[in-house]
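Below you'll find the structure, written out as structure tokens, and then a few comments.
The values are calculated or read from the model by the stated rules, or taken from the named source; none is laboratory data. Everything numeric in this text was worked out from a predicted model, so none of it was measured. Cβ: placed from backbone, ideal geometry, glycine included. Neighbour counts: every protein chain shown.
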Amino acid sequence: MKKIAIIGCGISGMTAAHRLKNHYEVELFEKDSKPGGLIKCDLVDGNLYHMVGGHVFNSKRQDVLDWFWKFFDREAEFTLSTRNAVAFMGKPIGYPIENHLYQMNDITINNVINDLLDLSLNKNDEPKNFEEFLKKKFGNTLYEEYFKPYNEKIWKKDLTKVPLSWLEGKLPMPKIEEIFYNNIKKEKETKMVHSTFFYPKNNGSQFLADRLAEGLHINLNEGVESLSRNSDTNKWMINSQKEFDMVIFSGNIKFLPSILENDFLDEYQESIEALDFHGTTSVLCEIDINDYSWIYLPDISFDAHRIICTGNFSKKNNSKEGILSATIEFTDFISIEDIHQQLKKIPFTPKYIDHRYTKYTYPIQDTTTRELISKIKKITEEKELYLTGRFAEWEYYNMDAAIGAALDLTRTMNSEN
Ligand SMILES: Cc1cc2nc3c(=O)[nH]c(=O)nc-3n(C[C@H](O)[C@H](O)[C@H](O)COP(=O)(O)OP(=O)(O)OC[C@H]3O[C@@H](n4cnc5c(N)ncnc54)[C@H](O)[C@@H]3O)c2cc1C
């Protein structure tokens, strides 16, 4: 059997490993002490802590669902929930907000109706960036009151500089007549991937990682610091110790040129270094009891952009009955002193428990990113070095899209074997 090394034991690396292990001898290398990457969780004072996000699962791709559910007992091990999200705009407004105009004040309702009627009468050109998209889809009032402040907080970016391709599949796409219909009929939106979602009854997304790690040959605490290709034997050497026929890299592409001993990527080094990204500070808190799943925070008087009520995803996530735990997200680094100042302004009276800063959480594309990654892949794949994953491909993947990408890659590799 040919030997494959997989660098990274997140959802992408483990998906690839399961798919290949019947055709190849597969070994994973993970620099951390446990599997999961971004989906890792810890237990802090009896509360389940998603160190990044509050990972819930669903997919529109049938092959992803079929693959995923082979590892789990859906009924016994998961709960299925309907998203109950709100945007807090002085008071909770149902989410997506365009379906809940009837909960807003009269002036806003009238302004939004006029905006939408104007938009329906004027035939507009195709939007070229995120700001144009939001204005043309929802009108100026909703843009100014919700979409602009919320998105500027999370992306810390001029929204005219955000290309639409990067947000493909993640954008709300209601037609104007659907917005009116949904408001009149008080319909909830069902088209987005997480409008219903699965969540493990125990141990959050760490449960997914631990189950997927079963049956795999994983070297934990073994970061790959050097990767070299012998051009005579066409074999890859990892950390100057172990030899493989092929390598799958699911880590962060920014670090690939520095671990790669060969000069294959030298001409792209500068472009790789320039790839843009954001980190996240996730603050674990106890908050007022409520029954929301996500609370979006467009209010610009504080920096956090959302509260993820992880304690509502599974009651077992809370230290005890009568307590609700949640994570509050800030884009990029924020100091402990600032966290305490900020928490005083955030609704639902959050009480601090713990916090973590993760440097790489959101890969940000510009109009050149996909072309760059595809050129790099072409070079590396000729040498049997494959890239898959959120930061390996610099794609804004959810878990299901990361699984989907690994399924697509391994389908080709298995058929070539
Ligand atoms: C705030 C936030 C909320 C999210 N919420 C959701 C959600 O609710 N639902 C959902 O489906 N998705 C969600 N996602 C997306 C999800 O986290 C990702 O799609 C998924 O975890 C990506 O997995 P990955 O394996 O591609 O990358 P990663 O999870 O980053 O895994 C890469 C792994 O490689 C390891 N590694 C890197 N370099 C090396 C090296 N040199 N040697 C050895 N190991 C190395 C890392 O330690 C890591 O374990 C969210 C993401 C964020 C940031």
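Scanning the stretch 326-343 for residues being under 19 Å from the mean Cα position of the chain (by Cα), surrounded by 13 or more Cβ atoms within 10 Å (Cβ to Cβ) and outside any strand (DSSP E or B) gives a total of 1. Checked against (1) buried (at least 17 other Cβ atoms within 10 Å of the Cβ); (2) under 26 Å from TYR49 (Cα atoms); (3) hydrophobic (A, V, I, L, M, F, W, C); (4) out of contact with any Gly (no Cβ under 7 Å at 6 or more places or on another chain), ILE373 passes all but a single condition, namely (2).
For the stretch 262-300: of the residues being part of a helix (DSSP H, G or I) and in contact (Cβ under 8 Å) with a residue 24 or more places away in the chain, which is nearest to the chain's Cα centre (by Cα)? Applying the filter and picking the extreme gives ILE272. Could you run through the stretch 160-178 and say how many residues are surrounded by 16 or more Cβ atoms within 10 Å (Cβ to Cβ) and among the hydrophobic types (A, V, I, L, M, F, W, C)? Residues flagged as surrounded by 16 or more Cβ atoms within 10 Å (Cβ to Cβ) and among the hydrophobic types (A, V, I, L, M, F, W, C) within the stretch 160-178 amount to 3.
If you check ARG306, ARG229 for being surrounded by 22 or more Cβ atoms within 10 Å (Cβ to Cβ) and farther than 20 Å from GLY46 by Cα, only one passes: ARG306.
For (1) polar (S, T, N, Q); (2) in contact (Cβ under 8 Å) with a residue 40 or more places away in the chain; (3) more than 30 Å from LEU227 (Cα to Cα); (4) surrounded by fewer than 18 Cβ atoms within 10 Å (Cβ to Cβ), each residue gets a yes or a no:
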{"residue": "PHE313", "(1), (2), (3), (4)": "no, yes, yes, no"}
{"residue": "LEU324", "(1), (2), (3), (4)": "no, no, yes, no"}
{"residue": "LYS345", "(1), (2), (3), (4)": "no, yes, yes, yes"}
{"residue": "ILE353", "(1), (2), (3), (4)": "no, yes, yes, no"}
{"residue": "THR361", "(1), (2), (3), (4)": "yes, yes, no, no"}
{"residue": "GLN365", "(1), (2), (3), (4)": "yes, yes, no, no"}
{"residue": "GLU381", "(1), (2), (3), (4)": "no, no, no, yes"}
{"residue": "TRP394", "(1), (2), (3), (4)": "no, yes, no, no"}
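Within the stretch 140-178, which residues are farther than 20 Å from PHE88 by Cα and assigned to a helix (DSSP H, G or I)? Result: LEU159, THR160, LYS161, LEU164, SER165, TRP166, LEU167, ILE176, GLU177, GLU178.
Scan the stretch 72-80 and tell me whether some residue there is closer than 30 Å to TRP155 by Cβ and of a type in the set (A, V, I, L, M, F, W, C). No, there is no match, as no residue in the stretch 72-80 is closer than 30 Å to TRP155 by Cβ and of a type in the set (A, V, I, L, M, F, W, C). Being surrounded by 24 or more Cβ atoms within 10 Å (Cβ to Cβ) and either touching a residue at least 12 places away in the same chain (Cβ under 8 Å) or among the hydroxyl-bearing types (Ser, Thr, Tyr) (or both): is that true of GLY8 here? The answer is yes for GLY8.
Looking only at residues of the stretch 379-417 that are within 16 Å of the ligand (Cβ to nearest atom) and closer than 21 Å to GLU243 by Cα, we find that the one that is nearest to the chain's Cα centre (by Cα) is THR388.
Counting only strands (runs of 3 or more DSSP E) that fall entirely inside the stretch 33-121 and contain at least 3 residues that are closer than 30 Å to ILE184 by Cβ and either outside the structural domain of ALA16 (by TED's automatic domain parsing) or more than 16 Å from the ligand (Cβ to nearest atom) (or both), the qualifying elements are 78-82, 86-88, 92-94.
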